[in-house]
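**Q** One structure, pasted below without further comment.
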Amino acid sequence: MAKKYYVVWEGREKGIFEDWASCKKQVDNFSGAKYKSFEDKTSAENALKLGANDFFKQNITKKTQENASTKKLETSTSQNTSPQHILPQYIPQDSIFVDAACSGNPGVMEYRGVDMEGNVIFYQKFEEGTNNIGEFLAIVHGLALLQKQELYNFTIFTDSRTALSWIKQKKAKTKLAQNSNTEKTFEFLQRAETWLKNNTYQNPIIKWDTENMGEIPADFGRK
């Protein structure tokens, strides 16, 4: 595995660390931690000098400009329909999109995350749940995946205000009944809440503007 350098802008100690274990000690359970991995020391040193806010702002702007003309995601269209899920030019290249669907509410529930090309990068299905639970679990799944892959600058888009509020509170305030049908659902909820309480993250989570931008690219298309 190639050596990486970890910049900690906000943590118990600031600076550059040469292994993940050392970096994690500075940011784990540290409120407002800001950090990122780099492939070479020079890039890490430059990023540290620039500061977290300016670095991420510069990086997103550059990525967006480079890919504005090529990163439009479309679904197939018929002769009499217009393209769907066309991404605005200001969507960062390093983004994932999450959504949930429920057959009844409560009912059979599923969620997924997709990348800029519409590829499904994770998916889960439950015997019983609610749409809000699915949206909440999808966001946490995305956060955990991005942390595991050290993709700290990726943005997560969701179209659920309720899920965003639950993420902020680190608690899914659902009224779903606990029974044999919802056993897996509550197992995943417990794991998600525990992850939020025990981990820090810096990935932006942004509300998708459905009214002006159409359905989110992760949409199941069942409305």
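The values are calculated or read from the model by the stated rules, or taken from the named source; none is laboratory data. Note that this is a predicted model, so its numbers are computed, not measured. Every residue, glycine among them, receives a Cβ derived from its backbone with ideal geometry; neighbour counts consider all protein chains shown. Surface accessibility is based on the protein's heavy atoms, side chains included, excluding ligands, DNA and RNA. Shrake-Rupley method; radii C 1.70, N 1.55, O 1.52, S 1.80 Å.
**Q** Just grab the label-to-label distance for residue 123 and residue 213, each label 7 Å out from Cα along the Cβ direction, in nm (one decimal).
**A** Label at residue 123, label at residue 213, 2.3 nm between them.
**Q** Sequence gap at least 6, Cα distance under 8 Å: using those rules, report the relative contact order of region 112-223 to the nearest whole percent. Kindly include the intermediate steps, with their values, before the conclusion.
**A** Numbers: 117 pairs, mean separation 39.8, N = 112.
Reported as a whole number, the value is 36 percent.
**Q** Once neighbouring chains are kept in place and the probe is 1.4 Å, which whole percent of the accessible area of region 100-150 is contributed by carbon and sulfur?
**A** 44 percent
**Q** Continuing with this model, one more query. By its C-alpha gyration tensor, with a ≥ b ≥ c as the square roots of the eigenvalues, how is region 171-223 shaped: rounded for a/c under 1.5, else prolate for a/b larger than b/c, else oblate?
**A** oblate
**Q** Using a 10 Å cut-off on Cβ atoms, rank the peptides 173-180, 132-139, 40-47 from the highest mean neighbour count down. Show your work: numbers first, answer last.
**A** Details: 173-180: 11.8, 132-139: 27.0, 40-47: 14.8.
Averaged packing, sorted descending, gives the order 132-139, 40-47, 173-180.
**Q** Now, a different point. Assuming a ≥ b ≥ c are the square roots of the Cα gyration tensor eigenvalues, decide whether region 5-53 counts as rounded (a/c under 1.5), prolate (otherwise, with a/b larger than b/c) or oblate.
**A** The shape class here is oblate.
**Q** So how far apart, in nm, are the two label points at residue 145 and residue 49 if each is 7 Å from Cα heading toward Cβ?
**A** Spacing of the two 7 Å Cα→Cβ label points: 3.7 nm.
**Q** Cα-based Rg (one decimal) and Dmax (whole number) for region 132-188, in Å?
**A** Just the Cα atoms of region 132-188 yield Rg and Dmax of 12.6, 39 Å.
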